[in-house]
Structures are given as structure tokens and as C-alpha cells.
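Here's the structure, in C-alpha cells; my notes come after.
The values are calculated or read from the model by the stated rules, or taken from the named source; none is laboratory data. Because the structure is predicted, anything quoted here is derived from the model rather than measured. Positions of Cβ are generated from backbone atoms using ideal geometry, with glycine treated the same way; all protein chains shown enter the neighbour counts. Side chains are part of the model used for accessible areas, which takes the heavy atoms of the whole protein and leaves out ligands, DNA and RNA. Shrake-Rupley method; radii C 1.70, N 1.55, O 1.52, S 1.80 Å.
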Amino acid sequence: MKYKTIRSLVRFVMNIIADVEVVGMDKLPQGNVILAANHLGRLDTAVLIYALEREDLIMAVAEKYKDHPIFGAIGRSVNAIWLNRFEADFAALREILARMQKGGLMVIAPEGTRSKTESLQEGKMGAAFLAGKSGYPVLPIALTGTEDRGIISNLKRFRRSKIKAVAGELFYIEIPKGQGREEAMRNATDEIMCQIAAKLPESYRGFYKDYPRVRELEQK
């Protein structure tokens, strides 16, 4: 099934089950960019597809969803890179970088997996690595209301869920080569996560709730 058809179906279903508010997506530039979002629930990808007009998506999807009737179809429509989350999947990483060299919109969840606490987990360094390696700018996206527990509860009660996607400010990551590279990667990862956290309500900030950088970004 073509991506345009999948996107239309996603928007149709989302408008039935949820009230989706999208804020600041006009900050998304044309050309190469990494969209980095927090990962609360299974609907996160659907919300991003709902919000995005672009079709040149580069998306890594957990291999367990490859045969899923819904998420598998979405993955195939965007020619997803199927990712083994339980080991260092270097083949998938090489494919991601090869796709990024050709240009497009990379969609990634820096946490790597859905949050069991319904708040931010510590970010993994993959997003920072890709940003530093590719030179793509990063656009942080803060999602709320997509927690599986809340979505399922509302569906059982025939209520529409309140979902919000808020875009932060575009920024660049620079990772030096040689000594200090790992520390720079960690700092860059924290910056990505703090940029997301600053656009989230406090109850969603989790691991990053006490980071001074979050307060600093809030005040800008």
C-alpha cells in the first residue's frame, strides 16, 4: 500500500479516536533533518505521520512489528529499516546512514523503546551519533497523551484521547573526533533529551526533570 494511502487512513482513524493538536510543525524545514521525539506509546508513530506532510521519511522500526497487520503495513509504506533492538544492529545502522546520505527526514525516538513509566527515560546515543555523522539538524518533538494505558482506557469508554505534538527549536549537533568523543556523544544526547523535556509538562520529564538545562531552555 502506498504511503499517501496509509497516511490518509491514519488521519481518518486518528480523527475518530483522538483530538490531535499539532504545535510548531511549521519549524520543520524542507531538506535534510532529524525529527527526534519521545516515545510514550504505540500511537507515537501514527501521530507523527498524522502531523507530517513530507513523504521522504527515513524510519527504523522494531523488527517485531514486521508482520503486524497495522504497524507492519505502515513500516512497509515508508520502506522502513527493520531494527533488532536487542543487539548492536550494525547492518541497520549502515542502511540508515546510507539513506541519510541520499537525503530525507529521519524520524527517531532517542529513548529507543516505549517508556514504561510514561515519562522520559535516559536517552541512548544513536540519535546524537546520526546527527553528528550526517550533519542533519535536529528538531525535537514532545508528545503527550499517547500512553497505551490512557488510549486503551478511552477506547473502552468510547472517549476521544487528547494528544498533543509540540515542536521545539531546530539545532545542530557537533561530535569531535578522537579523544573526548564518547563524552561529547553523551552530552549531545542529553541536549537532545533536554530540548524535548523543555516542551513537555513536568510530569512527563522523568529522568530529565531536574536537569538545569531544561529550566534554561524553558525560559527562552
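One table, with the values for the structure above:
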item	result
Of residues in segment 127-169 being among the polar types (S, T, N, Q) and more than 16 Å from GLU21 (Cβ to Cβ), the one surrounded by the fewest Cβ atoms within 10 Å (Cβ to Cβ)	SER153
Complete set of residues in segment 99-125 that are over 18 Å from LEU40 (Cβ atoms) and open to solvent by less than 40 Å² (accessible area, probe 1.4 Å)	MET100, GLY103, GLY104, LEU105, MET106
Among (1) within 15 Å of the chain's Cα centre (by Cα); (2) farther than 22 Å from ILE163 by Cα; (3) at pLDDT 90 or above - the single one ILE34 does not satisfy	(2)
